[in-house]
Each structure stands twice: as structure tokens, then as C-alpha cells.
1. Kindly check whether there is at least one residue in the range 28-40 that is farther than 29 Å from Arg295 by Cα, at pLDDT 75 or above and surrounded by 21 or more Cβ atoms within 10 Å (Cβ to Cβ).
2. Can you pull out every residue in the range 270-297 that is of a type in the set (A, V, I, L, M, F, W, C) and buried (at least 17 other Cβ atoms within 10 Å of the Cβ)?
3. Enumerate the helices (runs of 4 or more DSSP H) found wholly within the range 250-360, keeping only those where 1 or more residues are touching a Cys at 6+ places or on another chain (Cβ under 7 Å).
4. Residues that are assigned to a helix (DSSP H, G or I) and in contact with a helix residue (DSSP H, G or I) (Cβ under 6 Å, 6 or more places away or on another chain): does the range 411-421 have at least one?
5. Go through (1) surrounded by fewer than 23 Cβ atoms within 10 Å (Cβ to Cβ); (2) touching a residue at least 12 places away in the same chain (Cβ under 8 Å) for Gln324 and report which single condition fails.
6. Residues being under 18 Å from Leu147 (Cβ atoms), at pLDDT 85 or above and of a type outside the set (A, V, I, L, M, F, W, C): count how many of those fall in the range 103-128.
7. For the range 237-296, give me the residue count where each residue is without any contact (Cβ under 8 Å) to a residue 24 or more places away in the chain and closer than 23 Å to Leu87 by Cα.
8. Those residues that are surrounded by fewer than 18 Cβ atoms within 10 Å (Cβ to Cβ) and among the aliphatic types (A, V, I, L, M), I need them from the range 410-424; list them, please.
Amino acid sequence: MSPTPQHIADKLAEELLIDAEIDDDGVQYHSPAPQSRWLLALGMVLIGINLRPALSSLAPVLGQVKAEIGLSATMAGLLTTLPVLCLGLFGALSPHLARRFGSERSIAGVLLLLACGIALRSQLGLTGLVMGSLLSGAAIGIIGVLLPGIVKRDFSAQAGLMTGVYTMALCLGAALAAGATVPLDQLFGQRWQPALAFWAIPALLALAVWWPQLSSHQQQHAGHWQVRGLWRDALAWQVTVYMGLQSSLSYIVFGWMPSILIERGLTPLQAGLMMSLSIMTQVIASLGVPLLAHRGADQRLPIACVMVLTLAGLLGMLYAPINQLWLWAVLLGIGQGGAFSLALSLLVLRAPDAHVAAHLSGMAQGVGYTVAACGPLAAGIIHDVAGRWAPVGWLFGGIVATALAAGLLAGRKLLVSARAERLG
């Protein structure tokens with residue numbers, strides 16, 4: 001009997017989930033009791049919802065923040081850059097935290113850090129914005145590495161369903177923050193501080209639901225794995241460059257798209273809702289594109305398609321008639337959702353085993369998010385120099401062209417030359 005589409009989806013999702021703890025044989029936990037699995041799943045969904053609002057909530061009120069504090073576009077770009085930079089820098093700490101405290105306890109502590117970072121952005125003016133952005137980005141980077149491993153460990157039989165739900169939670173959180181921050185600002189009397197601080201409440205709610213997971217018991221063993229040769233491999237760097245550049249475009253959208261649309265004539269509320277529409281559209285592509293990519297000889301054609309759609313959507317948001325923006329927002333969402341899911345797919349498809357995949361993931365996300373952080377800053381500098389957003393189209397074109405070149409190389413049906421060795 002041939003496998004069903006659902007079976008294929010589950011198998012693919014299980015393969016694509018990166019376990020940050022795989023190198024340490026002892027950092028494993030007993031699976032939850034059947035009666036608590038629903039609570040674990042609910043906690044994971046709520047955590048997923050909280051991994052994007054800190055990134056997407058600032059943009060809709062950024063003009064108001066700039067006017068009140070006196071920020072230049074370059075300084076505002078730095079505020080959108082800092083969290084992304086922390087995604088890569090602090091994500092590398094995740095396996096060490098899991099080894100020391102366990103994944104469940106680490107996630108609980110970092111959720112509290114995330115809530116504090118979000119709340120801090122509404123205090124102390126520019127200092128609070130900078131420090132809060134740093135804390136929020138660090139927390140998101142750590143949780144984003146640890147949570148997929150828990151999905152793979154405790155829901156392997158429902159990997160397709162849980163991966164889809166987790167992806168939808170990420171997009172839902174980003175879309176809610178993009179669309180609801182301006183109404184919150186209006187509700188609080190045109191005050192952006194409580195509108196931003198509001199997004200600490202969902203993080204605390206997620207922490208409360210997650211709290212029962214802290215009773216998990218860690219098992220210790222001496223086995224350890226090491227991967228050699230990854231950082232000298234050309235294919236690994238091609239995957240990393242593609243990951244970083246496509247992410248850069250996403251964080252430019254998170255940081256600046258509402259400002260671009262407001263300059264074109266939309267109200268802050270309309271701009272936030274337009275970005276929300278684009279983000280929610282990403283769900284469709286992020287679920288479907290990996291399935292299509294797995295059926296082909298390699299991933300070069302899907303990569304080319306999603307990057308073309310991404311560029312078309314970005315340029316449409318910059319230059320197309322106002323009454324057509326919803327169409328370009330949808331195309332942008334399809335392109336970026338597909339580009340991101342393909343980047344995650346390459347982390348596994350180009351690795352010979354799960355240990356190499358985990359290290360390739362660390363390399364691609366650590367270096368890649370550092371590269372991605374330059375995108376929002378560059379967009380802000382271009383706006384400062386030109387005094388308008390239209391020239392940013394050249395930046396979009398350059399990033400897409402470079403990402404496409406790296407993606408076509410990374411999409412070939414090859415494996416990185418790195419190998420895993422067991423120690424102890």
C-alpha cells in the first residue's frame with residue numbers, strides 16, 4: 001500500500017525537527033503521561049505564539065516612538081536589528097542550558113526573561129527599548145532552538161500535525177501583534193508604552209500553562225557526540241548564506257513594512273493589518289512547500305520560485321498601486337513562508353545524519369541570524385540617506401539575487417562532508 005499524504009507529512013515533519021540535545025545521550029526525559037499530553041501541547045502552542053510579538057509589535061507604532069523619543073531611521077533600524085542579532089548569538093546557548101537544567105526548566109526560565117524584556121521596552125525611554133530588545137531576542141533565540149526537539153521527542157507519532165500547529169502558532173503570534181498593537185495604542189490613549197508592554201501578558205500566560213512540565217526527570221548518561229569538518233564545508237556555508245539572507249528579508253518586513261506602507265498613504269492601523277495578512281499567508285506556504293520540495297530531484301526549482309515570489313511581493317508593496325497591495329501582501333507571504341520552510345528543510349536534507357543536522361542548524365542559525373540582523377539596519381540607513389523608502393527596492397533586489405545564488409547551490413542533492421563521532 002502506498003503511503004498516504006498524511007503519512008508523508010508526518011514522516012517529513014519528524015525528519016525536519018532538529019533536536020538541539022541530540023549530541024548528549026543523557027539529556028532525555030520520560031515521555032509525558034497520556035493525560036498530560038494535551039497540556040504539553042497547549043503549552044507548546046502558547047509558547048509558539050509568543051516567539052514573534054516582540055519582533056512584530058514595534059513596527060506598527062515605530063513612527064510614534066521615533067517622534068516621541070527623537071530617533072533617526074538608522075537608530076530605529078538598530079532597534080529592529082538587535083533582537084535578530086540575539087537570535088543567533090544566544091541560540092547557541094540552548095544545548096548548554098538543556099544539559100545543565102533540562103529543556104523544560106530552561107524554557108520556563110527564558111519565558112520569564114522574555115516577559116521581562118517585553119515589559120522593559122515600555123520603560124526608561126531609549127535605554128529600555130534597547131535593553132528590552134536584547135533580552136527579548138535572546139529569549140526567543142534560546143526557546144526557538146529547544147522547542148522543536150521537544151516536539152520530536154514527545155510527539156513523534158504526530159510530528160506532521162504538531163509541526164503544522166507550531167508553525168501556525170508562530171504566524172498567529174506575529175500576525176496578532178502586527179494587527180493589534182495600533183488598536184491597543186488607541187485604547188490606551190495614543191500611548192505606545194502600554195501597547196508594547198501588553199505583549200508580556202501572553203508570555204506570562206504561557207509560563208503558567210508550561211509550569212507543570214517542570215516536574216520532568218532528567219536521565220544522565222556519559223555518551224557524547226562531536227561533529228568535525230562542518231565549518232570548512234562549502235555546502236554548509238551555502239546553506240548558511242541562504243538561511244541568513246532569506247531571514248534578513250523577513251526581519252526587514254517585521255521592522256519596516258508598516259512604515260513603508262504608512263509613507264505610501266495607509267493609516268498605521270491599515271499598515272499593521274496589511275502586514276498581518278502577509279504573515280498569516282505564510283502558513284499555507286510553510287506547510288505545503290516542503291512536501292512539494294521533497295518530491296523533486298532536488299530543491300533548486302522550489303527555491304527559485306519562492307525567491308521570485310518574495311521579490312515580486314516586496315517590490316509590489318513598494319511600488320504597486322495602493323488598491324492592489326493586498327494581492328502583493330499575499331504573494332509576499334507565500335514567498336517568505338516557502339523560503340523559510342525550505343531553509344529549515346535544507347538543514348536536514350544536506351546532512352548525513354541527525355547529529356550533523358543539529359550542528360548545521362546551529363551554524364546556519366547562529367551565523368545566518370547575525371547576517372539577517374544587518375538587513376533592517378541597512379534599510380534604515382538607506383531611508384535616512386534618501387529620505388524616502390523607494391530606494392530600498394535596490395536592497396531587496398540585491399538580497400534576493402544573492403540568496404537565490406546561494407539557494408541554487410544549497411539546493412543541489414548533495415551532503416555536507418562533516419561527520420559525527422561518539423565520544424565516551
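The values are calculated or read from the model by the stated rules, or taken from the named source; none is laboratory data. Quick caveat: nothing in here was measured; it's all calculated off a predicted structure. Quick reminder, even Gly has a Cβ in these numbers, built from the backbone with ideal geometry, and neighbours come from all protein chains shown.
1. Going through the range 28-40, the residues farther than 29 Å from Arg295 by Cα turn out to be 28-40.
Next cut, at pLDDT 75 or above only: 36-40.
Next, only the ones that are surrounded by 21 or more Cβ atoms within 10 Å (Cβ to Cβ) stay: 40.
Yes, because at least one residue in the range 28-40 is farther than 29 Å from Arg295 by Cα, at pLDDT 75 or above and surrounded by 21 or more Cβ atoms within 10 Å (Cβ to Cβ).
2. Just the residues of the range 270-297 that are of a type in the set (A, V, I, L, M, F, W, C), to begin with: 271, 273-275, 277, 279-280, 283-285, 287, 289, 291-293, 297.
Hits for the range 270-297 are Ala271, Leu273, Met274, Met275, Leu277, Ile279, Met280, Val283, Ala285, Leu287, Val289, Ala293.
3. Working: elements: 268-295, 300-319, 325-349.
Because the criterion is at least 1 residues that are touching a Cys at 6+ places or on another chain (Cβ under 7 Å), the helices (runs of 4 or more DSSP H) in the range 250-360 that meet it are 268-295.
4. First, pick out the residues of the range 411-421 that are assigned to a helix (DSSP H, G or I): none.
No: zero hits.
5. Tallying (1) surrounded by fewer than 23 Cβ atoms within 10 Å (Cβ to Cβ); (2) touching a residue at least 12 places away in the same chain (Cβ under 8 Å), Gln324 fails exactly one: (2).
6. 5
7. Qualifying residue count for the region: 1.
8. We begin by selecting, within the range 410-424, every residue surrounded by fewer than 18 Cβ atoms within 10 Å (Cβ to Cβ); these are 412-415, 417, 419, 421-424.
If the condition is that a residue be surrounded by fewer than 18 Cβ atoms within 10 Å (Cβ to Cβ) and among the aliphatic types (A, V, I, L, M), then Leu414, Leu415, Leu423 are the ones that fit.
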